[in-house]
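This report concerns only the one structure given below.
Read the figures in this text as sums done on the coordinates, not as results from a lab. Worth saying up front: this structure is predicted, and the values here are computed from it rather than measured. Neighbour counts are summed over all protein chains in view; Cβ atoms, including those assigned to glycine, are modelled from backbone coordinates with ideal geometry.
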Amino acid sequence: MTRVVFASLVVLTVLSVAGLASAQEPKSSALAKELASALEAVKLDSIAAKDPSAPDTFVAALYFPGVQLLVISAKYTAPQLLNERLAKKEYRDTYIDLSSASVPASKVFVEDLGADGLKAKHEENTGADTYEVAGVRTVFDGDWKRQQVSEADYAKTFSTADARYAQLLTALIAQVKKDK
């Protein structure tokens, strides 16, 4: 009887740990991989779309296969120009325009190394993902002290960044599917 109870406890512990691990998987992880695969399938290195959560905001991405995904979202000073670029599928130009002439307070910029979604901490001696919003940049290297924030604030920023990045990726994936 003791062996059965012990075995049951071991199984429950393993299942609990596995459940926690999957619950902690960033929202952006699967979406970034999906976007990378979709871009490779249609042989594109850039994509852009209107942000469905904010009609006056645009989102664009540059993809470097196996290396990184750069995603920017912002309002643009001349939205009619970007609407024309989107209609012509000038995605790289849209990305460049958003990088250079967007409304600074509205800008969100994500550097996703590995194009595999945001990670709160990377392996040692590897690059870290970054998230910039309205000029404030956070490096997700797990070292919140160096960035002069509390662990709780670092975790909150990561959660916010991951959720926003997931929204942006979803808009871009929809655009790739629409273009097929």
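If you keep only loop residues by DSSP, which GluC sites (Glu not before Pro) in the range 112-169 have at most 13 other Cβ atoms within 10 Å of their Cβ?
Filter output for the range 112-169: Glu123, Glu124.
In nm, to one decimal, how far is the modelled label at Ala155 from the one at Lys89, with both set 7 Å along Cα→Cβ?
Taking the simple label geometry, Ala155 and Lys89 are separated by 4.5 nm.
Could you give the angle, 0 to 90 degrees to the nearest 10, between helix 151-179's Cα long axis and the longest principal axis of the Cα atoms of the chain?
Between the helix axis and the principal axis of the chain, the angle is about 50 degrees.
Tell me the label-point distance for the pair Ile96, Gln148, using the 7 Å Cα-to-Cβ offset, in nm and rounded to one decimal.
3.7
Which pairs, out of Lys33/Lys178; Lys75/Lys145; Lys50/Lys180; Lys75/Lys177; Lys75/Lys178, put more than 27 Å between their alpha-carbon atoms?
Violating the 27 Å limit, Cα to Cα: Lys75/Lys145.
Mind giving me the FRET efficiency for Thr77 and Ser53? R0 is 22 Å, r the Cβ-Cβ distance, nearest 0.05 is fine.
0.65
Please turn the phi angles of the range 94-103 into ³J(HN,Hα) values with the Karplus equation 6.51 cos²θ - 1.76 cosθ + 1.60 (θ = phi - 60°), one per residue in order, whole Hz, x for glycine and proline.
Computed from phi, the couplings for the range 94-103 are 5, 4, 4, 4, 5, 5, 9, 10, 8, 6 Hz.
Quote the relative contact order of the range 123-180 in percent (integer), defining contacts as alpha-carbon pairs under 8 Å separated by 6+ residues.
It rounds to 18 percent for the range 123-180.
Quick one: 3J(HN,Hα) in Hz for the range 106-118, Karplus 6.51/-1.76/1.60 with θ = phi - 60°, rounded, Gly and Pro as x.
In residue order, the calculated couplings are 9, 7, 10, 9, 10, 10, 9, 5, x, 6, 10, x, 6 Hz.
How high is the relative contact order of the chain? Use alpha-carbon pairs under 8 Å, at least six apart in sequence, and give a whole percent.
24
Could you tell me the convex hull volume per residue, in Å³, taken over the Cα atoms of the range 26-179?
Expressed per residue, the convex hull around the Cα atoms of the range 26-179 is 102 Å³.
Excluding residues fewer than 8 places away in the same chain, name every one of the aspartates and glutamates whose C-alpha is closer than 18 Å to that of Lys88.
The qualifying aspartates and glutamates are Asp45, Asp51, Asp97, Asp179.
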